[in-house]
Structure formats: C-alpha cells, structure tokens
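Participant: Let me begin by handing over the structure; questions about it come next.
None of the figures in this text is laboratory data; all of them are computed from the coordinates on show. As the structure is a computational prediction, the values presented were derived from the model and not from experiment. Backbone-built Cβ (ideal geometry, glycine too); neighbour counts: all protein chains shown.
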C-alpha cells in the first residue's frame, strides 16, 4: 500500500472518488483490455480476439510503454473514472467493471492476495493465450475470435 492508498479503499471509495494511485492499483494485470477487439458496426457488439497489442510484454501482461500508449497506439482507450460509462467493453473479470457493477474483487486479485502472480496461476490473465498483432495479418483477425476474455468472471 502506498501513502495515497487507503486500506481496502475499493470497498469504501466510489470509483470516481479514488486517487490516481488507487485507480491504477485496481488494474489486475490480466491484459485482456490489450487484446485486439472487433466491433460489429451494425449493433455495436464487441468481439475479442486472441491477438494482443504490440506494446504488451507477454510474460508480465503489462504495457511496455504505459505512459505513451495512447500516443503510440491511437486506438488504445485510456479508462479513467470519468469514462466509467465505457466500461461495457471491458471483460467481465475486469476489476474496474466488477466494482462498477457492485461485484467486488475476485479472490485472486493482488489487492486481496498481496501476490501479483496469483492472477496468472488462476489462469485469469492472457499469459500464454495470445499472440502479438505483429504476427497476424489484419484480414485474418476475424479468424482469431475467442469468447474467453468476455465470459470469464
């Protein structure tokens, strides 16, 4: 816990009232948001692929250039407390989405376990389940659709 994080803040502080440090600490490191997604223009449905952003560091499941990600990848969406209405595209296991929906953190979350590796052992991250976008042709993305990012709780 850093000085800017209150004890068990996720249970008492609304998402929109969290400090930047608290907000950032919520990220569970699953990297599902780093998967390439396709949107059906007719109905707005978002589909996940098993293809991840070229900035993703596969082993850690963290962005290799987090501070500059939205500059280097213009389609990267920076989720912030004032954009919670956009949480619908996040996977159902996402801590931000879970808290916005009143579901609390999953038992493997690092804020509960103190162990950032617990998410990988629980197979709740994309580690070992995705390929970099540099290895997949854009016209082949539809062949890479998967449902696990959107359905895992």
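Participant: According to the square roots a ≥ b ≥ c of the eigenvalues of the Cα gyration tensor, what is the shape class of segment 79-138, taking rounded for a/c under 1.5, prolate for a/b larger than b/c otherwise, and oblate for the remainder?
Facilitator: oblate
Participant: If you build a Gaussian network model of the chain, linking Cα atoms that sit under 10 Å apart, which residue out of 91, 132, 74 swings the most?
Facilitator: 74
Participant: Among 104, 117, 44, which one shows the highest mean-square fluctuation when the chain is modelled as a Gaussian network with alpha-carbon springs under 10 Å?
Facilitator: Judging by the Gaussian network model, the answer is 44.
Participant: Assuming 0.36 nm per residue, please report the length gained on full extension of the stretch residue 60 to residue 83 beyond their Cα-Cα distance.
Facilitator: Between residue 60 and residue 83, full extension yields an extra 5.7 nm.
Participant: Between residue 6 and residue 41, what is the spin-label point distance in nm, taking each point 7 Å from the Cα along the Cα→C-beta axis?
Facilitator: 4.6 nm
Participant: 7 Å from Cα along Cα→Cβ at both residue 142 and residue 72: what's the point-to-point distance in nm?
Facilitator: So the label points at residue 142 and residue 72 sit 3.1 nm apart.
Participant: Something else about it: Determine the calculated [θ] at 222 nm for the chain from helices alone, applying -39500 (n - 2.57) to every DSSP H run no shorter than 4 residues and normalising by the residue count; nearest 500 deg cm²/dmol.
Facilitator: -4000 deg cm²/dmol
Participant: Same structure again: Out of 31, 21, 137, any idea which swings most in a Gaussian network model of the chain, alpha carbons joined below 10 Å?
Facilitator: 137
Participant: Over the Cα atoms, compute the radius of gyration (one decimal) and Dmax (the largest Cα-Cα distance, rounded to a whole number) for segment 9-151, in Å.
Facilitator: When restricted to the Cα atoms of segment 9-151, Rg and Dmax are 15.0, 46 Å.
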